[in-house]
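Have a look at the structure below, then the notes.
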Amino acid sequence: MESGAGLIAIVVVPRAEMEMDTFSSEDRARIEAQGLTALEVDRQAALLRDPPPAVTLLRPCTISDGVEKIADREHEELLALADEAARAGRLSKFVPASGAASRMFASLLAGAPETEEAKRFRKTRDSFAFRASVEELSRAPKALIPFHAYPEGARTAFEEHLFEAASTIRDASGLCLVHFTVSPEHRRAFEDKLGEVRPRVERATGARFSVSFSEQSPSTDTVALDDTGRLFRDAEGRILFRPGGHGALLKNLQESGGDVLLVKNIDNVVPDHLRAPTILWKRLLSGLLVQIERISRRDRPLRVAGVVRNEGEPGGGPFWVAGPGGESRQIVESAQADLLDPGQAAIWARATHFNPVDLACSVRDAAGRPFELSRFVDERAVFVAKKTHEGRALLAFERPGLWNGAMARWETVFVEVPRETFAPVKTILDLLRPEHLPPG
């Protein structure tokens, strides 16, 4: 799930007349094969039956109160620190890339109602970098959709991330370490695309690339409840396990082996002629993180999160929230807050900044030992939402979001970054925005 993906409000299942689940030997074998335990399934079911309270917003993070600004006079020092870390091989890039393109093309597929978006697409069809049919593209991962047109040919979002990496994380030997999380059914397509584009990207940039892939672990999948409040089972009577949302990728982040990881969504890329601000601010965020490392106690992971001015984009943002240890800075999604409460809704409405998912993350201590990232998760910061499966309603459970509850106990610094560093592609017409078109 990406930031701004439209989560719905938490739904509480009535506890009256609710039966607790018992597990057959077949259930236990299935749970074990999933990499889970009966205790964990019970824990998830309990959270679905009695969801934790909404986050308590205290106030938005704003400039001088939770959001930092980097002055021009600081650039030289921070860029030097970023370059030093890059040369030493400390930096790598982590890109969640398993999202499907189907949502991009939903309004254009056969059977979809006629919309203004569909009409505009047909009128502007020749302006897009791709030539394949909508039906073919909708089955591909978003990462492998041609985003940008160049004289030498189109580039996918996947390829653009490699070009960006060459200017932000290259070590002293010219090596760039890049990790993509992918869905199992598309892994071969990613590997084939890498084999196709790596030679030309390396020729164009003078860099070398070590690209790795991982898939969401089955052990991060979660259970659901049916409309009676019991574990949802499929037509064969088996417990249903569903992907646990982007918070499940914390395990991938841990196992990537990184030291300082730059995290960014797959669809947030721009073409060459507009990339300079993105490169500058990726380096500044990295440099600031290294600077903070030198004065921090280094007893927990650290993230420096870029945030942009709120101009009406959907999704989460930076807030001061109440917690057991006092107030803390968190990235909060709308589904985590009780927006039916007038006071909380008023705080939400005063937000000045938006989360574009632009993170520099330090995940090792001062001795170079990796933190056990699961220790710093707020396990109760889950998402609960109504979904369907096989035409039946269910209540779904998603793990604490990767940049929400999964990083709740990290040391967090928010930094304002320019709007031009944020160019997401959520629908197909977003590729007609100026930031995705060729110059001129």
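Just so you know, all these numbers are worked out from the coordinates, no wet-lab data involved. Since this is a predicted model, take the numbers as computed values, not measurements. Using ideal geometry, Cβ is built from the backbone for each residue, glycine included, and neighbour counts are taken over all protein chains shown.
Checking every one of the trypsin sites (Lys or Arg not before Pro) in the stretch 37-130 against DSSP loop status and a limit of 12 other Cβ atoms within 10 Å picks out Lys69. In a DSSP loop and with at most 15 other Cβ atoms within 10 Å, the GluC sites (Glu not before Pro) in the stretch 234-320 are Glu236, Glu311. Summing charges over neighbours of Glu77, with a neighbour being any other residue whose Cβ is under 13 Å away from its Cβ, gives -2 when K and R count +1 and D and E count -1. For Lys119, the lysines whose Cα falls under 24 Å of its own Cα, not counting residues fewer than eight places away in the same chain, are Lys142, Lys426. Loop-located trypsin sites (Lys or Arg not before Pro) in the stretch 136-233 (DSSP state other than H, G, I, E, B) with a sparse environment of at most 16 neighbouring Cβ atoms within 10 Å: Arg139, Arg230. Here each label is just a point 7 Å from Cα along the line to Cβ, and for Ile70 and Glu135 those points are 4.8 nm apart.
Taking Cα pairs under 8 Å and at least six residues apart, what relative contact order does the chain come out at, in percent? Intermediate values should be presented prior to the final figure.
Working: 834 pairs, mean separation 114.1, N = 440.
With pairs under 8 Å counted, the relative contact order is 26 percent.
With just the Cα atoms defining each centre, how far is the stretch 274-295 from the stretch 117-147? Give it in Å. The stretch 274-295 and the stretch 117-147 have Cα centres spaced 34 Å from each other. Our estimate of slack between Glu215 and Lys123, defined as 0.36 nm per intervening residue step minus the Cα-Cα distance, is 29.3 nm.
Taking a ≥ b ≥ c as the square roots of the eigenvalues of the alpha carbon gyration tensor, the stretch 248-374 is oblate, as a/c is not under 1.5 and a/b does not beat b/c. Extending 7 Å from the Cα toward the beta-carbon at both Arg203 and Leu39 defines two label points whose distance is 5.7 nm. Classify the stretch 153-223 as rounded, prolate or oblate from the Cα gyration tensor: take a ≥ b ≥ c as the square roots of its eigenvalues, call it rounded if a/c is under 1.5, otherwise prolate when a/b beats b/c and oblate if not. Judged from the Cα gyration tensor, the stretch 153-223 comes out prolate (a/c at least 1.5, a/b above b/c). In the chain, helical runs assigned H by DSSP with n ≥ 4 each contribute -39500 (n - 2.57); averaged across all residues and rounded to the nearest 500, the mean residue ellipticity at 222 nm is -7500 deg cm²/dmol. Considering every Cα-Cα pair within the chain, what fraction, in whole percent, is farther apart than 42 Å? Across the chain, Cα pairs with separations above 42 Å total 15 percent. Remark: spin-label model distance Arg238-Asp21 equals 1.5 nm, labels positioned 7 Å along the Cα→Cβ axis. Computed from the Cβ-Cβ distance with R0 of 22 Å, the FRET efficiency linking Ser102 to Arg188 stands at 0.70. Compared with the direct C-alpha span, the chain from Arg419 to Ala29 gains 135.4 nm at full extension, assuming 0.36 nm per residue. Rounded to the nearest 0.05, what FRET efficiency do Glu327 and Ala88 give with R0 = 41 Å and r taken as the Cβ-Cβ distance? Could you check? Efficiency computed from Cβ-Cβ geometry: 0.70.
Cβ under 13 Å from Glu435's Cβ, Glu435 left aside: what net charge do those residues give with Lys, Arg +1 and Asp, Glu -1? Write down the numbers at each step before the final one.
Numbers: positive: Arg275, Arg419, Arg433; negative: Glu160, Asp267, Asp272, Glu420, Asp430.
Net local charge, Glu435 excluded: -2.
Tell me, in nm to one decimal, what length is gained between Ala112 and Glu379 on full extension, where the rule is 0.36 nm per residue of separation less the Cα-Cα distance?
Details: separation 267, 0.36 × 267 = 96.12 nm, distance 3.88 nm.
Full extension from Ala112 to Glu379 adds 92.2 nm.
Apply 1/(1 + (r/R0)^6) to the Cβ-Cβ distance of Gln254 and Asp227, taking R0 = 45 Å, and write down the FRET efficiency to the nearest 0.05. Don't jump to the answer; show the numbers that get you there.
On the way: r = 36 Å, r/R0 = 0.80.
The pair Gln254/Asp227 has a calculated efficiency of 0.80.
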